[in-house]
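Novice: First the structure, then my questions, so here it is.
The values are calculated or read from the model by the stated rules, or taken from the named source; none is laboratory data. This structure is a prediction, so every number in the text was calculated from the model and none was measured. Cβ placement follows ideal geometry from the backbone for every residue including glycine, while neighbour counts extend to all protein chains displayed.
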Amino acid sequence: MTQSSTSSPLHIARVVVNLSLDRLFDYHIPDSLQDQVHIGSMVVVPFGQSTRNAYVMELGNHSEFGELKDITSVVGDRALITEKLLELGDWMADYYCCTREQCIQVLLPAVIRSQKVKKKKRKLVTLTSVKTVEDDAERIKVRAPKQADILIILKTHGPTFLSDLTRKWNLSASAVKGLEAKSLVIVEDETDERNPFDQFNVLPSEPLALTSEQTIVMEQVRAAVNAEQRQTILLWGVTGSGKTEIYLQAIAMRLAEGEESIVLVPEIALTPQTVERFRSRFGDQVSVMHSQLSDGERFDEWTKINEGRVKIVVGARSALFAPFRNLGLIIVDEEHEGSYKQDKVPRYHARDIAVVRGKKENAAVILGSATPSLESFYNVTQKKYVLSRMMKRVDDQKMPAMEVVDMAGEAAAHGQPQIISSRLISETRKALDNGEQAIFFLNRRGYATHMQCLKCNFIAECKNCSMNMTYHKKDDILTCHICGESQKAPTSCPECRDPEIKFGGLGTQKIEAVVKGIFSDARVLRMDSDTMTRKDSYRDALGAFRAGSVDILIGTQMIAKGLHFPNVTLVGIIFADLSLNMPDFRAGERTFQLLVQVAGRAGRGELPGKVVVQTYTPFHSVIGHALKQDYQGFYDEEIEARKLLNMPPFSRMAIVQFRGESQSLVHDHSQAFHEFIQHYVSDHCTLIPPLPCTILKKRGKFFYQIMMYSENIQQLSRSLKRAITDFKCHRDVAISVDIDPLSML
Ligand SMILES: [Zn+2]
Ligand SMILES: [Zn+2]
């Protein structure tokens with residue numbers, strides 16, 4: 001079947017049905033629906049004994065099947081998925097070793113697929129005649145005083161929603177009906193859009209004058225856009241170098257040509273502060289997409305994009321699939337961020353797919369970061385991306401001075417391990433005395449990471465997961481950070497009844513308690529996912545900090561990203577080794593990125609910044625490079641190591657994971673699959689025999705995995721798909737594939 005030109009109407013649609021069958025079905029388009037069925041339309045079709053939603057992938061005039069059933073109905077009056085996005089979905093299904101249906105689930109938000117939310121309609125009441133309104137009111141005043149009131153309200157306020165008349169003015173709907181019967185008012189359904197910006201007043205902003213570095217970068221952006229095949233730029237700019245202004249002016253440039261732009265930011269950095277910067281420059285042309293939107297808001301934002309009423313979308317990962325039809329630019333801010341990778345099927349990486357979408361739709365792509373991922377920087381050396389650099393902070397502010405404190409030495413000096421070093425205490429005291437603010441960073445929430453009996457060595461472990469329970473002091477409970485299982489903390493050892501049960505390991509709650517003890521005069525606020533549970537708590541907390549009603553902010557990586565506080569002069573990194581000790585080849589890269597990002601929070605205003613890094617491994621080279629803010633030095637060393645070990649980006653990686661409630665069954669099937677797949681993959685592929693995952697048990701299920709390395713990941717992905725289809729797997733064992741995995745756990 002071809003997508004031939006439409007001299008005669010195409011009356012056969014090839015669709016995917018929303019069951020993960022990974023194949024196409026032909027349906028006949030009845031004459032009555034002929035004008036409404038397009039490629040990318042969502043349709044309802046008879047399937048088996050019932051009906052199903054389906055998506056039109058192709059149109060044609062011939063089918064190899066005989067009698068075809070009719071499409072029952074079409075959803076919406078235009079295609080919900082653009083043809084280019086359908087192509088991208090196919091590409092993803094192939095690359096990420098999953099089905100087309102699974103990819104359609106990311107192309108189209110659930111709220112659109114489910115059709116449960118509709119455009120919000122409200123009844124709008126309008127005067128039939130403004131000229132005669134006073135006479136009319138006078139005439140009916142005696143017999144229908146309420147109706148007369150309504151006429152006067154409409155005269156003063158103009159067309160008004162019926163719900164407002166009843167709520168604000170306490171008038172009845174029947175009074176409005178009475179007026180309608182007298183033909184004095186008209187009542188009509190109007191679309192009322194939910195506005196996620198309702199509560200914000202944004203002042204308009206003008207483009208800023210560019211620094212010399214920014215000017216050069218804008219020239220490179222212009223060249224990337226003017227190239228016949230538009231290019232991908234890696235914008236490596238130190239924290240505070242003014243990357244956002246580049247984004248804004250690049251978008252303005254596309255807007256002037258009538259082209260659309262997508263801006264991706266990590267969910268955690270998608271603060272009102274970030275959104276405001278785009279709204280203040282581009283006003284109502286900006287749509288926003290993130291996980292905090294209500295279904296209604298999400299529906300309206302997406303519909304605005306699909307109907308071409310906005311030109312810019314700012315959002316988290318999923319905003320990449322905004323149904324723009326004239327896309328000119330995609331920006332991925334903080335491109336190194338792990339949160340761009342989706343952790344369920346399809347396990348796509350939004351940064352990588354941004355580059356693919358850019359290629360397919362000939363849009364320029366800007367990947368921005370102060371600490372680019374090894375993969376992206378490597379792509380520059382391979383001439384796949386253009387490198388733009390901004391090494392100075394705007395207004396020539398100095399990078400913060402970084403200083404390392406050896407916590408082993410600190411422990412020796414005090415006779416026991418310390419949580420806050422004397423150096424950090426004295427620097428904090430200095431900042432507080434000057435009326436300045438400090439940020440303390442520890443990437444682990446809770447009070448203590450484990451509860452241990454010193455007598456029998458019992459450690460409180462989750463019954464569903466191979467994981468220590470974390471102690472949360474506020475509620476006096478032990479919680480599992482994987483499955484959420486909670487229990488009251490015991491007062492004595494459950495094994496030997498010894499009362500000497502101890503808490504070990506640090507969490508943000510503990511830091512909070514210690515800091516409050518040392519600086520009793522300081523106002524302290526903790527920000528982590530335990531305290532930030534309400535929809536607005538994040539905004540409120542940052543607002544309080546910015547307003548100066550908090551002196552010390554303690555937090556997890558929630559506070560590491562993109563925030564700009566001019567009065568912060570000190571950043572304390574409590575335990576820099578935490579991410580360094582993870583069993584993952586990217587542990588060094590993540591630690592470097594985190595340290596540099598957090599340090600970048602210091603000295604963003606007139607005042608110079610200082611960073612105190614507490615560590616037990618002060619001579620570790622990653623910490624050394626981070627102290628000097630030396631990305632190039634870090635990259636050169638790290639890329640050599642990866643090359644030596646043939647790790648990504650030198651090879652590409654896939655993980656096949658097996659999970660189930662019976663450990664022996666999971667183990668046996670991973671062994672069997674390892675044998676089985678040998679016949680499917682080429683010699684260029686390296687297979688590691690199955691191993692139990694680092695966290696063997698999660699939520700009551702056991703996990704084993706096979707790691708694979710190959711130069712040609714697309715070939716590997718295709719072989720894997722065939723092998724999994726052919727492999728006879730026990731129904732109590734589930735198999736999943738992760739291509740380019742970010743987590744080795
Ligand atoms: Zn015990
Ligand atoms: Zn658990």
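Novice: List the number of the failed condition for P417; all other conditions in (1) in contact (Cβ under 8 Å) with a residue 40 or more places away in the chain; (2) away from ligand 1 (no atom under 16 Å from the Cβ); (3) more than 33 Å from the chain's Cα centre (by Cα) hold.
Specialist: The number of the failed condition is (1).
Novice: What are the pairs with Cβ atoms under 8 angstrom where one residue, in the range 448-464, is small (G, A, S) and the other, located anywhere, is within 14 Å of ligand 2 (Cβ to nearest atom)? Sequence gap at least six, or different chains.
Specialist: A448/T470; A460/H450; A460/N468; A460/M469; A460/L478
Novice: Go through (1) exposed (fewer than 15 other Cβ atoms within 10 Å of the Cβ); (2) part of a loop (DSSP other than H, G, I, E, B); (3) within 16 Å of ligand 2 (Cβ to nearest atom) one by one and return the number of the condition C483 breaks.
Specialist: In the conditions (1) exposed (fewer than 15 other Cβ atoms within 10 Å of the Cβ); (2) part of a loop (DSSP other than H, G, I, E, B); (3) within 16 Å of ligand 2 (Cβ to nearest atom), C483 misses (1) alone.
Novice: Go through (1) part of a helix (DSSP H, G or I); (2) closer than 27 Å to F321 by Cα and name the single condition V44 misses.
Specialist: Just one mismatch for V44, condition (1).
Novice: Only one of V666, V737, V681, V656 is aliphatic (A, V, I, L, M) and part of a loop (DSSP other than H, G, I, E, B). Can you tell me which?
Specialist: Values: V666 fails: part of a loop (DSSP other than H, G, I, E, B); V737 fails: part of a loop (DSSP other than H, G, I, E, B); V656 fails: part of a loop (DSSP other than H, G, I, E, B).
Only one candidate passes the filter, namely V681.
Novice: I'd like the full set of residues that are away from ligand 2 (no atom under 16 Å from the Cβ), part of a strand (DSSP E or B) and buried (at least 19 other Cβ atoms within 10 Å of the Cβ), limited to the range 685-696. Step through it out loud before you land on a result.
Specialist: Filtering the range 685-696 for residues away from ligand 2 (no atom under 16 Å from the Cβ) gives 685-692.
Going one step further and asking which of them are part of a strand (DSSP E or B), we end up with 686-687, 691-692.
Listed by number, the list is empty, since nothing qualifies.
Novice: In the range 539-576, what count of residues is obtained for those that are without any contact (Cβ under 8 Å) to a residue 24 or more places away in the chain and surrounded by 20 or more Cβ atoms within 10 Å (Cβ to Cβ)?
Specialist: 1
Novice: Here's something else I'd like to know. Could you tell me which of the residues D530, D433, D475 is free of Cβ contacts under 8 Å to residues at least 12 places away in the same chain and under 22 Å from M558 (Cβ atoms)? First the steps, then the outcome.
Specialist: Values: D530 fails: free of Cβ contacts under 8 Å to residues at least 12 places away in the same chain; D433 fails: under 22 Å from M558 (Cβ atoms).
Just one listed residue meets the conditions, D475.
Novice: A further question follows. Return the total of residues in the range 60-85 being within 17 Å of G358 (Cβ to Cβ) and hydrophobic (A, V, I, L, M, F, W, C). So that I can check it myself, show each step before the final result.
Specialist: At the first step, the residues of the range 60-85 found to be within 17 Å of G358 (Cβ to Cβ) are 82-85.
If we keep only those that are hydrophobic (A, V, I, L, M, F, W, C) as well, we get 85.
Matching residues across the range 60-85 total 1.
Novice: On to the next question. In the range 630-667, which residue that is closer than 14 Å to Y378 by Cβ, touching a residue at least 12 places away in the same chain (Cβ under 8 Å) and aromatic (F, W, Y) is surrounded by the fewest Cβ atoms within 10 Å (Cβ to Cβ)?
Specialist: Taking the candidates together, the pick is Y635.
Novice: While we're on this one: Looking only at the range 439-462, count every residue that is modelled with pLDDT of 85 or more, assigned to a strand (DSSP E or B) and buried (at least 18 other Cβ atoms within 10 Å of the Cβ) and tell me the total.
Specialist: So the answer is 3.
Novice: Restricting attention to the range 697-727, which residues are outside any helix (DSSP H, G or I) and under 23 Å from T686 (Cα atoms)? Spell out the reasoning first.
Specialist: Quick first cut of the range 697-727, residues outside any helix (DSSP H, G or I) only: 697-712, 727.
Those that are outside any helix (DSSP H, G or I) and under 23 Å from T686 (Cα atoms): F703, Y704, Q705, I706, M707, M708, Y709, S710, E711, N712, F727.
Novice: Taking G409 as the residue in question, decide whether it is of a type outside the set (D, E), at pLDDT 90 or above and closer than 18 Å to I552 by Cβ.
Specialist: Numbers: of a type outside the set (D, E): yes; at pLDDT 90 or above: yes; closer than 18 Å to I552 by Cβ: no.
Considered against the rule, which asks whether it is of a type outside the set (D, E), at pLDDT 90 or above and closer than 18 Å to I552 by Cβ, G409 comes out as no.
Novice: Now, a different point. Of the conditions (1) surrounded by fewer than 22 Cβ atoms within 10 Å (Cβ to Cβ); (2) touching a Phe, Trp or Tyr at 6+ places or on another chain (Cβ under 9 Å), V44 fails just one. Which one is it?
Specialist: Status for V44: all satisfied but (2).
Novice: From the residues in the range 466-478 that are within 28 Å of the chain's Cα centre (by Cα) and farther than 19 Å from E495 by Cβ, which one is farthest from ligand 2 (Cβ to nearest atom)?
Specialist: Among those that are within 28 Å of the chain's Cα centre (by Cα) and farther than 19 Å from E495 by Cβ, it is H472.
Novice: Continuing with this model, one more query. Return the only residue of Y709, Y704 being without any contact (Cβ under 8 Å) to a residue 60 or more places away in the chain, surrounded by 19 or more Cβ atoms within 10 Å (Cβ to Cβ) and touching a Ser or Thr at 6+ places or on another chain (Cβ under 6 Å).
Specialist: On the way: Y709 fails: without any contact (Cβ under 8 Å) to a residue 60 or more places away in the chain.
Every option except Y704 fails the conditions.
Novice: Conditions first: (1) β-branched (V, I, T); (2) modelled with pLDDT under 95; (3) not in a helix (DSSP H, G or I). I233 passes all but one, so which condition is the exception?
Specialist: (2)
Novice: Mind checking whether some residue in the range 591-603 is farther than 25 Å from L645 by Cβ, part of a loop (DSSP other than H, G, I, E, B), modelled with pLDDT under 90 and within 22 Å of the chain's Cα centre (by Cα)? Walk me through how you get there before you give the answer.
Specialist: Filtering the range 591-603 down to residues farther than 25 Å from L645 by Cβ leaves 597-603.
Checking the rest, the ones that are also part of a loop (DSSP other than H, G, I, E, B) come to 600-603.
Add one more test, that the residue is modelled with pLDDT under 90, and what stays is 600-603.
In the following step, the residues that additionally are within 22 Å of the chain's Cα centre (by Cα) were identified as 600-601.
Yes, the range 591-603 contains a residue that is farther than 25 Å from L645 by Cβ, part of a loop (DSSP other than H, G, I, E, B), modelled with pLDDT under 90 and within 22 Å of the chain's Cα centre (by Cα).
Novice: Please find, among D536, D584, D528, D521, the residue that is buried (at least 17 other Cβ atoms within 10 Å of the Cβ) and either away from ligand 2 (no atom under 16 Å from the Cβ) or closer than 22 Å to R423 by Cα (or both). Give the derivation first.
Specialist: Details: D536 fails: buried (at least 17 other Cβ atoms within 10 Å of the Cβ); D584 fails: buried (at least 17 other Cβ atoms within 10 Å of the Cβ); D521 fails: buried (at least 17 other Cβ atoms within 10 Å of the Cβ).
Answer to the check: D528.
Novice: Looking at this structure, is E410 surrounded by 20 or more Cβ atoms within 10 Å (Cβ to Cβ), over 20 Å from E606 (Cα atoms), of a type in the set (D, E, K, R) and out of contact with any Gly (no Cβ under 8 Å at 6 or more places or on another chain)?
Specialist: When the stated conditions are applied, E410 passes them.
Novice: In addition: Hey, does the range 380-390 have a residue that's surrounded by 14 or more Cβ atoms within 10 Å (Cβ to Cβ), at negative phi, away from ligand 2 (no atom under 16 Å from the Cβ) and among the polar types (S, T, N, Q)? Reasoning before the result, please.
Specialist: Looking only at the range 380-390, we keep the residues that are surrounded by 14 or more Cβ atoms within 10 Å (Cβ to Cβ), and these are 380, 385-390.
Now restrict to residues that are at negative phi: 380, 385-390.
Applying the additional criterion that residues be away from ligand 2 (no atom under 16 Å from the Cβ) yields 380, 385-390.
Those still in the list that are among the polar types (S, T, N, Q) too: 388.
The answer is yes; a qualifying residue exists.
Novice: Do we have any residue at all in the range 352-371 that's outside any helix (DSSP H, G or I) and charged (D, E, K, R)?
Specialist: Restricting attention to the range 352-371, the residues satisfying the condition of being outside any helix (DSSP H, G or I) are 361-371.
Next cut, charged (D, E, K, R) only: 361.
There is at least one residue in the range 352-371 that is outside any helix (DSSP H, G or I) and charged (D, E, K, R).
Novice: Now for a separate question. Count, please, the residues in the range 236-265 that happen to be in a strand (DSSP E or B) and under 20 Å from the mean Cα position of the chain (by Cα). So that I can check it myself, show each step before the final result.
Specialist: Of all residues in the range 236-265, those in a strand (DSSP E or B) come to 236-237, 260-264.
Restricting the remaining residues to those that are under 20 Å from the mean Cα position of the chain (by Cα) gives 261-264.
Going through the range 236-265 one residue at a time, the tally reaches 4.
Novice: Sticking with this one: How many residues does the range 336-392 hold that are under 18 Å from D90 (Cβ atoms) and among the hydroxyl-bearing types (S, T, Y)?
Specialist: Total satisfying the criteria: 1.
Novice: Restricting to the range 491-504, give me the number of residues that are more than 10 Å from ligand 1 (Cβ to nearest atom), assigned to a loop (DSSP other than H, G, I, E, B) and of a type outside the set (S, T, N, Q). Can you show your working first?
Specialist: As a first pass, look at the range 491-504 and keep what is more than 10 Å from ligand 1 (Cβ to nearest atom): 491, 502-504.
The next check asks that each one be assigned to a loop (DSSP other than H, G, I, E, B); those that pass are 491.
Now drop any that are not of a type outside the set (S, T, N, Q), which leaves none.
Looking only at that region, the number is 0.
Novice: Mind counting the residues in the range 472-489 that are within 16 Å of ligand 1 (Cβ to nearest atom) and either within 18 Å of D528 (Cα to Cα) or touching a Gly at 6+ places or on another chain (Cβ under 9 Å) (or both)? Give the steps one after another, and end with the answer.
Specialist: Initial filter on the range 472-489 (within 16 Å of ligand 1 (Cβ to nearest atom)): 478, 489.
When the remaining residues are screened for being either within 18 Å of D528 (Cα to Cα) or touching a Gly at 6+ places or on another chain (Cβ under 9 Å) (or both), the result is 478.
Total satisfying the criteria: 1.
Novice: Go through the range 443-471 and give me each residue that's within 16 Å of ligand 1 (Cβ to nearest atom) and hydrophobic (A, V, I, L, M, F, W, C).
Specialist: M451, C453, L454, C456, F458, I459, A460, M469
Novice: Continuing with this model, one more query. Looking at S520, S549, S529, which is the one that is within 30 Å of F702 (Cα to Cα) and either at pLDDT 85 or above or away from ligand 1 (no atom under 16 Å from the Cβ) (or both)?
Specialist: On the way: S520 fails: within 30 Å of F702 (Cα to Cα); S549 fails: within 30 Å of F702 (Cα to Cα).
Matching residue, one of S520, S549, S529: S529.
Yes or no, residue by residue, for (1) touching a Phe, Trp or Tyr at 6+ places or on another chain (Cβ under 9 Å); (2) over 22 Å from E361 (Cα atoms); (3) not small (G, A, S):
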residue: A175; (1), (2), (3): no, yes, no
residue: E193; (1), (2), (3): no, yes, yes
residue: S212; (1), (2), (3): no, yes, no
residue: V225; (1), (2), (3): no, no, yes
